[in-house]
Amino acid sequence: MDITIDPSVEAGYKELENTIKENTSIADTGRIRSAFEFAYAAHDGQKRKDGTPFITHPIAAAEIIAEMGLDEDSVIAALLHDTIEDTSVTHEAIEKRFGKDVAEIVEGVTKLTRVVYTSKEEEQMDNIRKMLMAMAKDIRVILIKIADRLHNMRTMEYQTEAKQREKALETMEIYAPIAYRLGMQKIKWEFEDLALIYLDPVGYREIRDGIANMGTANAEFIEFTTKRISERLREVGVNASVYGRVKHLYSIYRKMYGQNKLFSEVLDLYAFRVIVDDIADCYNVLGYIHEMYKPIPGHFKDYIGTPKSNMYQSLHTTVIGKNGIPFEVQIRTWEMHHTAEYGIAAHWKYKEGIQSKTTGEEKFAWVRRLLESQQDLDAQDFIQSLKFDMFADEVFVFTPRGDVINLPARSTPIDFAYNIHSAVGNSMTGAIVNGKMVSFNYILQNGDIVEVLTSKSSKGPSRDWLSIVASSEARNKIRQWLKRERREENIIYGKSGFDAEMKRAGIPMAKLSREDILPRILRKVGFPSLDDIYATIGYGGITAQKVVNKIADEVLRIEKERGKKDELQPPVAAKPTAPKKPIHGIVVEGLDNCLVKFSRCCTPVPGDSIIGFITRGYGVSVHRTDCANYQKSINDQQESGRWVGVSWADTDNEKYQTAIRINAENRDGLLMDVTTVLSALKVKICSISARDTGDGKASIYMTIAVGDRNELSTAMTKLSYISGVTDVVRSGGVENK
Ligand code: MN
């Protein structure tokens, strides 16, 4: 490429090359030079807010990536990270020149860059963090995004105040927690301190000036203490490096505001670090430190024996130093130190030889192991979002306003529309995803921006949609609409069933329509008109047989009153009518005191959307509306009329049995862990069986008794956290075949 490079930019690039030499195993920087020139040409003429050429930003981001010790493709992708977004460069052009991996990483970073956060609610923040992780199929995408954000935060002073606040908040709420999760302590601290400058400038200055006002006292204390510890360790023959520093600003800030203290009241401002060669020395050093200084009780923490969730390891102790000034000492090996500083990136930095041979999958396995070691519940959620195979069950997409909507996997724009509002779904005429028209059965992808087109003149949902949608929410809403809006169709369909049943019962239609009879009949069956009866039969709200039986009873009574007993034979004996009473917590529409039982195929529990099937002689069997059998049956002409509306009544603390399946890696103690989790939740196990499904996997089939859907989903979530468990599903639904 024939380009002249600005000398100051060239100097910046040379620095990058030096950083690469110091921190990575990249021997030949030829491809990196070529990426630099490529990016230079692409960004030619663009300037940053401070007036410097734009290219200084990708160079700086690449330098941060090189400091982390990442591989060549990562450095190249960092140099190119803004080209797709801000220049005419395309994915294809990058792929042609630098390969598929680089192009995909740049594309990934571009997608994350396009994420717009308008909502600041905590729930949304959590979704956004998860989504970012989900979108970044390659962990290097997240690391480059972190480097990009770090450099932007370092150079935020030239931005407008509004932009500063917005970016600072995102950094504090999203990027600092991600850096922490990935074990990148150094970057997490820098994110927090930089964000604090804009989030609470006054609080920030108070601490900064407070430290400055202490003058040389800090430096003297640090130097004195460092020297004393180093000398003592040398005397006893421990090979150690000792460093001291003032703690980072945000940690002091949190202490002040968390414990309501003035700056002058925060005493433990200092942290010292002793780095040694092996674990034995860590504990030795701890002994020497406690000999030299009085430890403060309750402040000793052994993160070597019990590492933190992000793999952090060290011994921590707080002791009283010269003049009664307390300080913290962290003792660790060099290996622990690198992990603490670079977290996940230490993998590249210190195992570099291996990395070029490992596939993406193996790299990922390492990330997974790291995150699986995180024990707390919060972290478990996070792992959930990182287990890509588990991602099968969720997809995160955006509204045009930037809110994140969480849908079941394989959701379509129809599911999205009904998630927004049933009125949006019902008047939907089309959908635009990422600016392009898509078909109704388009499968939504993580990060898609979805816009629904609606029209007042829309014909409404079609019956076909029922087989396209993935969420039961959408399915139910479509069904409701069909019931309500397809009245004409329902009346025609319902009337033919009604007529046939009347014929069977031997009641001539002419008799029914007599003026003195019809109003009484309608009052008796609780419908305003014959058409309403037909419509209800038509959508399956009640069966023709049921209505006709009631009508027959009433007709018989009327005839009796008139002394014409012999004209009609009752098809069934008249039953006393009782007030509607729930049986097993179920109210059946239009039916009282009937036998109610729960289907074995989908085992519904309170809270599930349900529907009843009038069996031949065995009462009403209750199914979930997402039950695979129901879905099949509803399209069957013979059977569809037998479905009847049912609903949950108050259930009086009854427990309901429901079947679930746990898929897991087979291992010793798996069943015990399952039972322990359930007994901790006080969930009764009614039956349990396990089966080895080969290749080291196992399925556990069990029936448990729960009060309702919430209780069930808590149990399922807790079960999914058990080590080795890949998924937990309910039996019988169409979504979990
Ligand atoms: Mn950037």
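Checked against the criteria, Lys495 counts as assigned to a helix (DSSP H, G or I) and open to solvent by 40 Å² or more (accessible area, probe 1.4 Å). Residues that are under 27 Å from Val450 (Cβ atoms) and open to solvent by 30 Å² or more (accessible area, probe 1.4 Å) were ranked within the range 96-117; the one that is nearest to the ligand (Cβ to nearest atom) is Thr113. For Glu170, state whether it is within 16 Å of the ligand (Cβ to nearest atom), open to solvent by 70 Å² or more (accessible area, probe 1.4 Å) and under 27 Å from the mean Cα position of the chain (by Cα). Answer is no for this residue.
With Asp277, Asp281, Asp302, Asp268 as the choices, which residue is in the same structural domain as Ala217 (by TED's automatic domain parsing), of a type outside the set (Gly, Ala, Ser) and loosely packed, with under 15 Cβ neighbours inside 10 Å? Reasoning before the result, please.
Numbers: Asp281 fails: loosely packed, with under 15 Cβ neighbours inside 10 Å; Asp302 fails: loosely packed, with under 15 Cβ neighbours inside 10 Å; Asp268 fails: loosely packed, with under 15 Cβ neighbours inside 10 Å.
Just a single option satisfies the conditions, and that option is Asp277.
Condition check: of a type outside the set (Lys, Arg), crowded, with 21+ Cβ neighbours inside 10 Å and within 16 Å of the ligand (Cβ to nearest atom). Does Pro53 satisfy that? Considered against the rule, which asks whether it is of a type outside the set (Lys, Arg), crowded, with 21+ Cβ neighbours inside 10 Å and within 16 Å of the ligand (Cβ to nearest atom), Pro53 comes out as no.
Filtered by the rule that a residue be in a loop (DSSP other than H, G, I, E, B) and farther than 22 Å from Val329 by Cβ, the range 262-275 gives a lone residue, Leu262. Please specify each residue of the range 66-95 satisfying the condition of being open to solvent by 40 Å² or more (accessible area, probe 1.4 Å) and within 13 Å of the ligand (Cβ to nearest atom). Across the range 66-95, the qualifying residues are Glu85, Asp86.
Considering the range 435-445 alone, what residues qualify as being surrounded by fewer than 21 Cβ atoms within 10 Å (Cβ to Cβ) and in a loop (DSSP other than H, G, I, E, B)? Talk me through it step by step, then tell me what you get.
Here is the first cut: in the range 435-445, the ones surrounded by fewer than 21 Cβ atoms within 10 Å (Cβ to Cβ) are 435-443, 445.
Within the range 435-445, Gly435, Ser439, Phe440, Asn441, Tyr442, Ile443, Gln445 qualify.
For Glu63, the conditions (1) more than 26 Å from Thr171 (Cβ to Cβ); (2) within 15 Å of the ligand (Cβ to nearest atom); (3) surrounded by 22 or more Cβ atoms within 10 Å (Cβ to Cβ) all hold with the exception of (1). If you check Leu150 against the conditions, is it hydrophobic (A, V, I, L, M, F, W, C) and within 16 Å of the ligand (Cβ to nearest atom)? Judged against the criteria, Leu150 is a match. Summed over the range 234-265, the residues that are open to solvent by 70 Å² or more (accessible area, probe 1.4 Å), basic (Lys, Arg) and closer than 22 Å to Ile325 by Cα give a count of 2.
I'd like the full set of residues that are outside any strand (DSSP E or B), open to solvent by 20 Å² or more (accessible area, probe 1.4 Å) and of a type outside the set (Lys, Arg), limited to the range 641-655. Give the steps one after another, and end with the answer.
Pass one, the range 641-655, residues outside any strand (DSSP E or B): 641-642, 645, 649-655.
If we keep only those that are open to solvent by 20 Å² or more (accessible area, probe 1.4 Å) as well, we get 641-642, 649-655.
Those that are outside any strand (DSSP E or B), open to solvent by 20 Å² or more (accessible area, probe 1.4 Å) and of a type outside the set (Lys, Arg): Gly641, Ala649, Asp650, Thr651, Asp652, Asn653, Glu654.
Of all the criteria given as (1) within 16 Å of the ligand (Cβ to nearest atom); (2) under 25 Å from Gly244 (Cβ atoms), the one not satisfied by Glu220 is (1).
Selection within the range 284-298: residues that are open to solvent by 70 Å² or more (accessible area, probe 1.4 Å) and in contact (Cβ under 8 Å) with a residue 24 or more places away in the chain. The member of this set that is nearest to the chain's Cα centre (by Cα) is Asn284. If the condition is being in contact (Cβ under 8 Å) with a residue 12 or more places away in the chain and in contact with an Asp or Glu (Cβ under 9 Å, 6 or more places away or on another chain), then the range 512-534 contributes Ile517, Arg520, Ile521, Lys524, Val525. Scanning the range 680-713 for residues that are β-branched (Val, Ile, Thr), in contact (Cβ under 8 Å) with a residue 24 or more places away in the chain, assigned to a strand (DSSP E or B) and in contact with a helix residue (DSSP H, G or I) (Cβ under 9 Å, 6 or more places away or on another chain) returns Ile700, Ile704, Val706.
Being under 20 Å from Val596 (Cα atoms) and either surrounded by fewer than 18 Cβ atoms within 10 Å (Cβ to Cβ) or hydrophobic (A, V, I, L, M, F, W, C) (or both) narrows it down to one of Thr615, Thr693, so name that one. Can you show your working first?
Values: Thr693 fails: under 20 Å from Val596 (Cα atoms).
Among Thr615, Thr693, only Thr615 is under 20 Å from Val596 (Cα atoms) and either surrounded by fewer than 18 Cβ atoms within 10 Å (Cβ to Cβ) or hydrophobic (A, V, I, L, M, F, W, C) (or both).
How many residues does the range 234-254 contain that are among the β-branched types (Val, Ile, Thr) and in a strand (DSSP E or B)? First the steps, then the outcome.
Keep residues of the range 234-254 that are among the β-branched types (Val, Ile, Thr), which gives 236, 238, 242, 246, 252.
Filter once more, so that each one left must be in a strand (DSSP E or B): 242, 246.
Here the count works out to 2.
Pairs are defined by a Cβ separation below 6 Å, a sequence spacing of at least 6 or placement on different chains, a first member in the range 50-67 that is in contact (Cβ under 8 Å) with a residue 24 or more places away in the chain and over 9 Å from Ala147 (Cα atoms), and a second member that is surrounded by fewer than 21 Cβ atoms within 10 Å (Cβ to Cβ) and hydrophobic (A, V, I, L, M, F, W, C); the pairs so defined are Pro53/Val9; Ile55/Val9.
Tell me, which residue of the range 11-34 that is out of contact with any helix residue (DSSP H, G or I) (no Cβ under 6 Å at 6 or more places or on another chain) and aliphatic (A, V, I, L, M) is farthest from Ile64 (Cα to Cα)? Top of the filtered list is Ala27.
Taking the range 129-233 and the helices (runs of 4 or more DSSP H) fully enclosed by it, the elements with 1 or more residues that are touching a residue at least 12 places away in the same chain (Cβ under 8 Å) and closer than 28 Å to Lys47 by Cα are at 139-154, 161-170, 176-181, 185-199.
The values are calculated or read from the model by the stated rules, or taken from the named source; none is laboratory data. Computed from a predicted model, the values in this text were never measured in an experiment. Here the Cβ is made from the backbone with ideal geometry for all residues, glycine too, and neighbour counts use every protein chain on show. These accessible areas exclude ligands, DNA and RNA; they are computed on the full protein's heavy atoms, side chains included. Shrake-Rupley method; radii C 1.70, N 1.55, O 1.52, S 1.80 Å.
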